[in-house]
Amino acid sequence: MIQAAPIINQVLDHPLLEQKGIEFAVKRLDLIHPLVSGNKFYKLKYNLLQAKAQDSKTVLTFGGAYSNHIQATAAACRLLGLDSIGLIRGEETLPLNPTLAFAQNHGMKLAYLSRGDYRKKKESQFLADLQNQFPNTFIIPEGGTNEWAIQGTAEILGAEDSKFSHIIAPIGTGGTFAGLVQSLSPEQKAIGISSLKGNFIIDEVRQILQETGEFPNTTWTVFTNYHFGGYAKYTQALIDFIWDFHRSFGIVLDPIYTGKMMYGLWELIQQDYFPPGSKVLAVHTGGIQGNKGFFERTQISLPLPSR
Ligand SMILES: *Cc1c(COP(=O)(O)O)cnc(C)c1O
């Protein structure tokens, strides 16, 4: 498999944390690999091992035009000697944005699905047709969330993390959060901050968890009030927060997931959600490759990774 760098829990110092009596660390998944970073490393791990085990030569998956999953899948397949196909939502726009240009440069064949077709991506007939059209191809669902992904994200927490009372992560499809919940020790709680508008995600998380066991609501909570208008939407307050956070801690956040998580988490700390003595671990799920594309899309600059 692809070699990951050792994972660091970076401990943060800040007057607010001192005042509230909270220990706060960030698990820097954004640093584990230069090309296959963040939670996508874990979500792809067993999918790609499975593709290899089935002797598939090609991996096919789905994503939006700025998708971290598309970027990571292209890079990981190249490293493992697999061909890759990305079915992208919407119409081709040239020149390609940085995410899609990266994917193409790493050998991914890009094709485009109308928004109508894209919505069918989970339907079994649609998937069966795709499989016929692309025999010998391993299909990974959008965002990479399936049973193999959850097996991978359940490996994010290690033995050294059992001292934390609360584990926080952002939520897109919920696959990462579900893996974290599964791997908690009994006295730990998981808190998910959803990047999407709406409460449907709570049921989706529950459903993913139900497929693997009993995970009562006492062990996990999802906040749905930090979406900033919806998926990929943002406000000036969010942008300002991302810059402040970078200035204070030298950590780059993305505006889609980790920025919203950290904003919500910071507010929860201010509101005394965490009892004094809490040990909080926030999982930085990566995604900062998208900050360049965000600038192209919005003309708003954000901190960028140093490499
Ligand atoms: C994809 C992604 C997520 C969402 O992960 P899910 O498993 O879909 O919930 C969170 N953070 C980042 C940076 C991502 O790229």
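The values are calculated or read from the model by the stated rules, or taken from the named source; none is laboratory data. From a predicted model like this one, the values you see are computed outputs, not experimental measurements. Note that each Cβ is placed from the backbone with ideal geometry, even for glycine, and that neighbours are counted across all protein chains shown.
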Selection from the stretch 32-79 of residues near the ligand (Cβ under 10 Å from one of its atoms) and of a type in the set (D, E, K, R) yields Lys40, Lys43
Legend entry - Any hit, the stretch 212-224, residues being more than 18 Å from Val283 (Cα to Cα) and within 16 Å of the ligand (Cβ to nearest atom): yes
Taking the stretch 155-178 and the residues there that are in a loop (DSSP other than H, G, I, E, B), small (Gly, Ala, Ser) and within 12 Å of the ligand (Cβ to nearest atom), the one that is nearest to Tyr226 (Cα to Cα) would be Gly172
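Within 15 Å of the ligand (Cβ to nearest atom) and not assigned by TED's automatic domain parsing to the domain that holds Arg28, is that true of Pro303?
Judged against the criteria, Pro303 is a match.
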Taking the stretch 5-31 and keeping only residues that are surrounded by fewer than 21 Cβ atoms within 10 Å (Cβ to Cβ) and within 16 Å of the ligand (Cβ to nearest atom), one is left with Ile7, Arg28, Leu31
*Hey, does the stretch 208-221 have a residue that's at pLDDT 95 or above, of a type outside the set (A, V, I, L, M, F, W, C) and either assigned by TED's automatic domain parsing to the domain that holds His166 or out of contact with any Leu (no Cβ under 7 Å at 6 or more places or on another chain) (or both)?*
yes
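Is there a residue in the stretch 66-73 that is within 16 Å of the chain's Cα centre (by Cα) and more than 20 Å from Thr153 (Cβ to Cβ)?
Yes.
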Any hit, the stretch 272-285, residues being away from the ligand (no atom under 16 Å from the Cβ), under 25 Å from Lys197 (Cβ atoms) and assigned to a helix (DSSP H, G or I):
no
All conditions in (1) part of a strand (DSSP E or B); (2) within 16 Å of the ligand (Cβ to nearest atom); (3) among the aliphatic types (A, V, I, L, M) are true of Ile85 except (2)
Condition set among the hydrophobic types (A, V, I, L, M, F, W, C) and assigned to a strand (DSSP E or B), scope the stretch 179-197, selection nearest to the ligand (Cβ to nearest atom): answer is Ile193
